[in-house]
Amino acid sequence: MKNIIYATKDLFRNYFKVSGRLSRAGYWWAMLGYLIIDIICVIIGALMDTQLPSSICSLVFFIPMMTAAIRRFHDCGRSTGFYVILVVLEFVFMILIFGAMFMTAVGAIAESVGMFGGSLIGIAVGIIGSIVCFVVSFIGLVKASDPGENKWGAPVPFDPDENKDENEVI
């Protein structure tokens with residue numbers, strides 16, 4: 001439990017930090033912390049019959065999870081630009097999918113085979129591109145850290161017990 005708390009605190013301590021490195025353990029413990037908090041917010045929202053708590057949780061965690069992913073990519077020797085390109089491509093593929101779905105609906109309503117067929121190809125390309133971006137991102141996030149120092153600095157080991165006061169309670 002202390003790993004999750006430490007990693008989540010570290011996530012918020014480095015809210016806007018895109019320089020440096022983040023260990024694989026640090027990233028995934030923080031991700032688990034986010035998921036637990038989000039599940040709690042979903043449950044609260046279900047009890048209140050609203051999605052507001054989960055939406056607020058997602059907004060609060062959006063920037064620190066993005067910056068953590070960038071630092072995680074740095075830890076594996078990848079640049080910020082590499083991660084940004086993956087995110088932009090994912091966004092473009094999602095727009096392609098939704099646009100093609102809209103065109104498919106319009107084509108089906110208008111019974112236009114040419115528009116209908118082209119839209120299905122757009123959906124397929126969007127889905128395949130989105131899957132490829134997801135797999136490349138996931139590989140970058142689970143890849144082992146570069147040993148030793150790289151151009152983003154020395155490795156930062158994940159150690160919740162480091163710099164802990166004797167009186168501090170986690």
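The values are calculated or read from the model by the stated rules, or taken from the named source; none is laboratory data. Please read these numbers as outputs of a predicted model, since none were measured by experiment. When we count neighbours, we look across all protein chains shown, and the Cβ atoms used for this are built from the backbone with ideal geometry, even at glycine. The protein model used for the area step is the full one, side chains on, heavy atoms only, and it has no ligands, DNA or RNA in it. Shrake-Rupley method; radii C 1.70, N 1.55, O 1.52, S 1.80 Å.
Structure data summary
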| quantity | calculated |
| --- | --- |
| Label-point gap, in nm, between Lys143 and Thr80 - each point 7 angstrom along Cα→Cβ | 1.9 nm |
| Solvent-accessible area of Leu47 with every protein chain in place, 1.4 Å probe, in Å² to the nearest 10 | 150 Å² |
| Alpha-carbon centroid distance for the pair region 36-60 / region 1-33, whole angstrom | 21 Å |
| The chain: relative contact order in percent, alpha carbon pairs under 8 Å with at least 6 residues between | 30 percent |
| Residue-level accessible surface for Phe134, protein heavy atoms, 1.4 Å, Å² | 130 Å² |
| Highest-fluctuation residue, Gly126, Gly99, Gly20 considered, GNM on the chain with Cα pairs under 10 Å | Gly99 |
| Fluctuation leader among Lys151, Lys143, Lys17 - the chain, Gaussian network, Cα springs under 10 angstrom | Lys151 |
| Cα gyration tensor shape of the chain, rounded if a/c is under 1.5, else prolate or oblate by comparing a/b with b/c | oblate |
| Cβ-isolated cysteines (cut-off 4.7 Å), the chain | Cys76, Cys133 |
| Accessible surface, per residue, of the chain when the full set of protein chains is kept, probe 1.4 Å, Å² | 61 Å² |
| Most positive-pole-ward Cα, Phe91, Cys41, Leu52, against dipole of the chain from beta carbon charges | Phe91 |
